[in-house]
Amino acid sequence: MSNPVMLEVKGLTTKYITRFREDVYAVDHVSLKVEEGKSLGIAGESGCGKSTLALSLMGYYFPPLHYTSGEIIIDGRNISRMDPDDIRRDILGTEISYIPQSAMNALNPTQKIISFIEDVVQAHEPSRTKKDIHDLARKSFEVLGLPAEVLQKYPVELSGGMKQRTVIATSVILSPKVLIADEPSSALDVTSQKMVIKMLKNLLEHGFTKSMIFITHELPLLYNVTDDIMVMYAGQIVEKGTAQEAVFDPLHPYSKGLMGSIIVPEYGLRDVELTAIPGVPPNLKNPPAGCRFAERCKYVRAECEANPVPLHDVGGGRAYRCILSERELRDFYTREAHMREAHQNAG
Amino acid sequence: MKGYRKYFLNKLLWFLITFVCAFLLNFILPRLMPGDPVAAIVSRLAQGMSNTTGVQAIYQQYADLFGTNKPMVEQFFIYVRNVFRGDFGFSFAQYPRTVADVIKSSIVWTAALQFPAIIVGWLIGNTLGALAAYLKGGFDKVLMPVSIFVSNFPPFGMAVILMVIFGVSLKWFPTSGGYGFDLIPSFSWSFIWSVIVHYQLPFWSIVLIAIGGQAIGMRSMSIYELNADYVKYSRFMGIKDRKIVGYVFRNAMLPQITGLALSIGTMVGGALVAEIIFSYPGLGSTILTAVRGGDYPLISATTLIITIMVLIANFVIEISYGFIDPRIKAAQSD
Ligand SMILES: Nc1ncnc2c1ncn2[C@@H]1O[C@H](COP(=O)(O)OP(=O)(O)OP(=O)(O)O)[C@@H](O)[C@H]1O
Ligand SMILES: [Mg+2]
């Protein structure tokens, strides 16, 4: 607990304003904390607002995304009320950095890698010479296990995995305090995926970034990679805990459903389809007033749909968003586990 | 680089094949036109002559001179030999002027009209298109319909409209010729002024259409590039908008260079309409008179010039484009 907090977010709410002037609340009162040297994983279904959260955390907004409320504090510095031009010059790329979901197309196709890195560095440190920047780039690439020749190439000359790793190395060229990686590996084959994950882990170890947020829709990926995990549903956080807790002892019925995909094989129930949660997430243009998961929840009660459900803090950094008590939920889960076992023995 | 060399040789081979085919057609097609051009010349010369043998003799003399009485195949080989010596022979209709002489005096007018018109149209069009994409809103909403309207105008329509408004009604500019018909080409002020005044209508009739087409292309390329992922990523890395706009317009502009090279290549063909309507003394008007007079050597030579220019433009685009645009280079060496 003694580590300094690199990123603290309090009640961050942002929305898209569509062409038809509708509001889409894709990030709703999100709070989180990442300490120095730590990583946080964020998981959730497609469309639950992960990418929007990633963009919102940068503190720099452009249409159709708009800031509504909340605070972003990077290493003790509150950037929520900073002038956007100042954020761009002093924060983006230096304090907080971003790896886009489609890192494949994130590089300008007609610019050599090194020339883009020059532009990035000079945007923040205009007095740095080219030679100095080249040295910096070569050194970073070497430590991160990327061949230095990559620097002299155009993006089209790189393979998908190499392009992805180049984007990662570029994002941390100025050693940010926070790195936000939005599904950096999901478009890759398994081998490249592993390399990318390994590289991300290395970033923290070698001090290329002081903390990291890793976003993915594939939960198995987070375990063993991040220290903490947050589960998102329909723009809200529904579960928060250590990786161990979130994967092996989830509290929220949604995370429980999602985590089924990892736990079930250990019980030898590979062919039983337990993972898919029936139903679809609510439309964020018009989210339900009460619990957003109620419609798909097995344990739903009348009270669930009446009022917004607050995030229930269990202590020790753990929290979940449900009106049922920890006790009630655990009882349901053990009963179900017993039933599954019985079913398995009978079958 | 090995892949590129193969690509280069492959392209070169295809351009040679295309050239040979085009060369053949340039020779054959004019000669398939109906009518006997030699007879036309003779009847012009022999006006008022009643002596049939005399007329016959003159005909024979001209047929020998132009080589039209020889078999087509033999004519062709003579033509090839002469062309490779740089000799295009006599113009039938403007005898005793040579083809080279006729072309030399008209090509200058075409180049002086077309080069600036194409480049000005390209620059203005691309700037407007880029601005429309970047500024959006009202500017875009006005520019686009106007551009689409203008670029779909048939060239003769644009020329006629300009002629009627600025030439006939307002009488600001003369409506025909490259200079006042009462002047003799020289470096006098009155001649230069006359050339400038005569230049305006044909020039703008070409420029306006070019602007429309370029603006439409540049606008959609720019919109595409502005929404590309690298724009967002560059922003989040703290790079200034001015720099990012630089990336975007460079990328949008590169494909437009193809359009520029092509319009330079097809310059002579593109000049036809404007030159004919304004009776401009360029290659376009020359082609028209050559076709009317069944002037085979002149037709073949002018169409050969067009062929060569188009082929060179295409070849240069294909070969050099990879150096300007790494996206294409990757595709070339595959
Ligand atoms: N530009 C936009 N304008 C309006 N709504 C948007 C826009 N982009 C995303 N949304 C909406 O915001 C919600 C969250 O989208 P987001 O891209 O953040 O989801 P995600 O969790 O990253 O999904 P994925 O796993 O597919 O990347 C979705 O309902 C989506 O329809
Ligand atoms: Mg996403």
Legend entry - Of B:GLY259, B:GLY212, B:GLY86, the one that fluctuates the most in a GNM where chain B has Cα springs shorter than 10 Å: B:GLY86
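Given the rule -39500 (n - 2.57) for each run of at least 4 DSSP H residues, summed and divided by the residues of chain B, what is its mean residue ellipticity at 222 nm, to the nearest 500 deg cm²/dmol?
-26000 deg cm²/dmol
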Inset, instruction - Note the angle between two axes, namely the Cα long axis of helix A:130-143 and the longest principal axis of the Cα atoms of chain A, as a number of degrees from 0 to 90, rounded to the nearest 10. - result: 40 degrees
Inset, instruction - List every residue whose amide H lies under 5 Å from the amide H of A:ILE42, counting only residues 5 or more places away in sequence or on a different chain, with H placed 1.01 Å from N in the peptide plane. - result: A:PHE214, A:ILE215, A:THR216, A:MET230
Inset, instruction - Note the angle between two axes, namely the Cα long axis of helix A:190-205 and the longest principal axis of the Cα atoms of chain A, as a number of degrees from 0 to 90, rounded to the nearest 10. - result: 70 degrees
Inset, instruction - Could you name the aspartates and glutamates whose alpha carbon sits less than 18 Å from that of B:LYS232, not counting residues in the same chain fewer than 8 places away? - result: A:ASP85, A:ASP86, A:ASP90, A:GLU95, A:GLU118, A:ASP119, A:ASP182, A:GLU183, B:ASP241
Inset, instruction - Select from A:LEU146, A:THR129, A:GLY241 the residue farthest towards the positive end of the dipole of chain A; place +1 on Cβ of Lys and Arg, -1 on Cβ of Asp and Glu, and compute about the Cα centre. - result: A:THR129
Legend entry - Over chain A, relative contact order from alpha-carbon pairs under 8 Å, at least 6 apart, %: 18 percent
Legend entry - Average beta-carbon neighbours from other chains, 10 Å sphere, peptide A:101-108: 5
Legend entry - Long-range HN-HN contacts of A:SER97 with modeled amide H, under 5 Å: A:VAL178, A:LEU179, A:ILE180
Inset, instruction - Run through all the Cα pairs of the protein assembly as shown and give the fraction in each 20 Å bin from 0, expressed as whole percent. - result: 14, 33, 24, 17, 9, 2, 0
Inset, instruction - Could you list which residues have their amide H under 5 Å from that of A:VAL238, counting only those 5 or more apart in sequence or on another chain, with H placed in the peptide plane? - result: A:VAL231, A:MET232, A:TYR233
Inset, instruction - Enumerate the helices in chain B for which the Kyte-Doolittle hydropathy averages -1.0 or more and the C-alpha atoms extend at least 15 Å along the helix's axis, using complete DSSP H runs. - result: B:2-31, B:52-66, B:72-84, B:99-135, B:137-151, B:189-226, B:241-265, B:267-277, B:296-324
Legend entry - Residue among A:VAL190, A:VAL27, A:VAL167 with the largest mean-square fluctuation in a Gaussian network model of chain A, springs linking Cα atoms under 10 Å: A:VAL190
Inset, instruction - Within 10 Å of each Cβ in peptide B:321-327, how many partner chain Cβ atoms are there on average? Round it to a whole number, please. - result: 3
Legend entry - chain B: C-alpha gyration tensor shape, a/c 1.5 cut-off, then a/b vs b/c: oblate
Inset, instruction - Classify segment A:2-117 as rounded, prolate or oblate from the Cα gyration tensor: take a ≥ b ≥ c as the square roots of its eigenvalues, call it rounded if a/c is under 1.5, otherwise prolate when a/b beats b/c and oblate if not. - result: rounded
Legend entry - For chain A, built as a Gaussian network whose Cα springs stay under 10 Å, the top-fluctuating residue of A:PRO281, A:PRO126, A:PRO308: A:PRO126
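So how strong a dipole does segment B:99-292 carry about its Cα centre when Lys and Arg Cβ are +1 and Asp and Glu Cβ are -1, to the nearest 20 debye?
Approximately 640 debye in magnitude.
Counting each DSSP H run of 4 or more residues in chain A as -39500 (n - 2.57), what helix-only mean residue ellipticity at 222 nm follows after dividing by all residues, to the nearest 500 deg cm²/dmol?
On the way: 9 runs with 107 residues, N = 347.
Here the helix-only value at 222 nm equals -9500 deg cm²/dmol.
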Inset, instruction - Could you go through segment A:66-83 in sequence order and give the Karplus-derived ³J(HN,Hα) for each residue, using 6.51 cos²θ - 1.76 cosθ + 1.60 with θ = phi - 60°, rounded to whole Hz, and x for Gly and Pro? - result: 10, 7, 10, 7, x, 10, 10, 10, 9, 6, x, 10, 7, 9, 5, 10, 6, 5
Legend entry - Inter-chain shielding of A:151-162 (mean C-beta neighbours from other protein chains, 10 Å cut-off): 2
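Where the only charges are on Cβ atoms (+1 Lys, Arg; -1 Asp, Glu), what is the dipole of segment B:211-334 about its Cα centre, to the nearest 20 debye?
Computed about the Cα centre, the dipole is about 600 debye.
Any read-out appearing in this document is the output of simple, stated calculations on the displayed coordinates, not a laboratory observation. Just so we're clear, the structure is a prediction, and the values are computed from it rather than from any experiment. All Cβ positions, glycine included, derive from the backbone under ideal geometry; neighbour counts span all protein chains shown.
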